[in-house]
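Notes to accompany the following structure.
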Amino acid sequence: MKLALSMHLGPGGDRAAAVAFDEWDAALASRSYSATLADAAPVPATGPDARRLACLLNLLHTQALQPELLLIEGFVHLDAQETPGLGQQLFLALGGRTPVIGVARAPLPGTPAQCQVSREEDAPPLIVTCTGMDLGAAKARLRAMHGRRRVPTLLKLVARLAKNAEG
């Protein structure tokens, strides 16, 4: 099972959601999960990654999920020097056993051009970074995902679940 993950940081608690899928071209999730971290700390001055990581790990642990691969909104690496982003931190927190693919809608300064993936003509490319697998394979899998628009169907679904699901 593969999992697409998303999180929503809010004043009433941080919510993580996941949708499970087996095939890259799946139009529907085989299952969905969510968890709220009610006693979330304020966003630290150094950035929200620590809070986001805690939120995602809470979901994986409370639901006892052990996927073969994780697909997250955001960056695995922040630049060409592979400065660790949320995805790399998640990979390390899980013992380096589960590959992580990060998908972002816009590049950061220093993002290599090789990380760009176009899914829709005349639309800005998505940015793909990964750890635990080859970048070319990660890009091919993202291209294969269901959805006629720029962002794959399952990534839209999991973002909606994280933002709108009831606690």
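Since every read-out is calculated from the coordinates, none of them should be taken as a lab result. Predicted model only: the values in this text are computed from it and were never measured. Counting neighbours? That spans all protein chains shown, and the Cβs are built from the backbone with ideal geometry, glycine included.
Between Arg148 and Gln116, full extension at 0.36 nm per residue minus the direct alpha carbon distance yields a gain of 9.8 nm.
For the chain, what is the mean residue ellipticity at 222 nm derived from helices alone (per DSSP H run of n ≥ 4: -39500 (n - 2.57); sum divided by total residues; nearest 500 deg cm²/dmol)?
Numbers: 4 runs with 44 residues, N = 167.
Estimated from H runs of four or more residues: -8000 deg cm²/dmol.
Say the dipole of region 2-164 comes from +1 at the beta carbon of Lys and Arg and -1 at that of Asp and Glu; which of Thr153, Leu60, Ala140 then lies farthest toward its positive end? Positive-end residue among those listed: Thr153. Charges were assigned to the Cβ only: +1 to each Lys and Arg, -1 to each Asp and Glu. The resulting dipole of region 2-164 about its Cα centre is roughly 380 debye. The residue among Gly102, Thr36, Leu126 whose Cα reaches farthest toward the positive pole of the charge dipole of region 10-160, with charges on the beta-carbon of Lys, Arg, Asp and Glu, is Thr36.
Take Ser30, Ser6 and order them by how many other Cβ atoms sit within 10 Å, fewest up front. Walk me through the intermediate numbers first.
Working: Ser30 12, Ser6 27.
Taking fewest neighbouring Cβ atoms as first place, the list is Ser30, Ser6.
In plain terms, the residue of Val19, Val151 with the fewest other Cβ atoms within 10 Å comes first and the most crowded comes last, giving Val151, Val19.
Each of (1) 29; (2) 16; (3) 53 is a candidate for percent of Cα pairs over 28 Å apart; the one calculated from this structure is (2). Rounded to the nearest 5, the antiparallel percentage of DSSP beta bridges internal to the chain is 75%.
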